[in-house]
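Just below is one structure, and these are the notes that go with it.
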Amino acid sequence: MDIRQRLSELKDEEYADFCAKLTPGVERCDILGVRIPLARRLAKEIFKSGDYDDFLNELPHKYYDEYILHVLLINEIKNYGECIRQIDRVLPYVNNWAVCDIMSPKIFKKHRQELMVDILRWSKSNEVYTCRFGIEMLMSHFLDEDFKPEYLEIPTSIKSDEYYINMMIAWYLATALAKQWDATIPYIEKGVTDKWVHNKTIQKARESYRITPQQKEYLKSLKK
């Protein structure tokens, strides 16, 4: 299967222009403009066919859309060990938030214990999007029934000048406030993160419909 040709047949110039504005660091000429629902449909078709090993092995890719398709295929992998192997292969090539954030393998829901080990490893990375991915997986999988208060130490211990890491930390903490208020609010009260992350966390939390008006007013009083 000529996967690049399949992607080219789905390209949308107007959508490519839109993507280019939202993904700093990705050149417009490297974006075909395949809309996400179409990319998801193609990924499911390719995964079902089983004809994708060569595509996953041919890193680096040329097009942004190839990376989107690549991680959508990873999302479908049913063996945890193989899924992690493929993630670790592609993460060094991820250079934008969109590819990073769309990677969310289904198999993770069945492997919480092993996943936490990998989250700790990813979140300690000096690579921007590897670190961001680790924090995002912590947010996606460990803020509900598998939450433990000590997990809040993982993002709050990260010190970075990278915008896309700091934004994810703020996103994580704002979501934690919505889901685990009592455990999270002391971190905001103590101001354990830097000023930008602290204030961005409060901003995002106050924009959330899951935070009560009273909580929002209290958060406002904690701004630096």
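Where the only charges are on Cβ atoms (+1 Lys, Arg; -1 Asp, Glu), what is the dipole of the stretch 111-224 about its Cα centre, to the nearest 20 debye? Before the final figure, lay out each step's value.
Details: 17 positive and 16 negative charges, 106 e Å.
My answer is approximately 500 debye.
With a 10 Å Cβ neighbour count serving as the proxy for reagent exposure, in which order, fewest first, do 94, 128 appear? Don't skip to the answer; put the middle values down first.
Numbers: 94 22, 128 19.
By the 10 Å Cβ count, ascending: 128, 94.
Taking the simple approach of a point 7 Å from Cα along Cα-to-Cβ for both residue 13 and residue 114, what is their distance in nm?
Here the modelled spin labels are 4.7 nm apart.
For the stretch 1-109, calculate the relative contact order in percent as a whole number, restricting contacts to Cα pairs under 8 Å that are 6 or more residues apart.
Values: 119 pairs, mean separation 28.9, N = 109.
Reported relative contact order: 27 percent.
For the chain, with only Lys/Arg (+1) and Asp/Glu (-1) charged at the beta-carbon, what is the dipole magnitude about the Cα centre, in debye rounded to 20?
Details: 34 positive and 35 negative charges, 177 e Å.
Here the chain has a charge dipole of around 860 debye.
Let me make sure I get this right: for the stretch 1-75, a, b and c are the square roots of the gyration tensor eigenvalues over alpha carbons, sorted descending. Under 1.5 in a/c it's rounded, otherwise prolate if a/b > b/c, else oblate. Which is it? Provide the component values of the computation, followed by the final result.
Working: a/c = 2.02, a/b = 1.61, b/c = 1.25.
Taking the square roots of the gyration eigenvalues as a ≥ b ≥ c, the stretch 1-75 is prolate.
For each pair in 190/220; 11/44; 21/159, compute the distance between the two Cα atoms and list the pairs where it is over 24 Å. Please list the in-between numbers first.
On the way: 190/220 14 Å; 11/44 18 Å; 21/159 28 Å.
Exceeds cut-off: 21/159.
Taking square-rooted eigenvalues a ≥ b ≥ c of the alpha carbon gyration tensor, is the stretch 111-224 rounded, prolate or oblate, where a/c under 1.5 means rounded and, failing that, a/b exceeding b/c means prolate? Intermediate values should be presented prior to the final figure.
Values: a/c = 2.10, a/b = 1.39, b/c = 1.52.
Oblate, because a/c is 1.5 or more while a/b does not exceed b/c.
All of the numbers you see were taken from the coordinates with simple rules; none came from a lab. Not measured: the values here are computed from a predicted model. We place every Cβ from the backbone using ideal geometry, glycine too, and count neighbours over all the protein chains shown.
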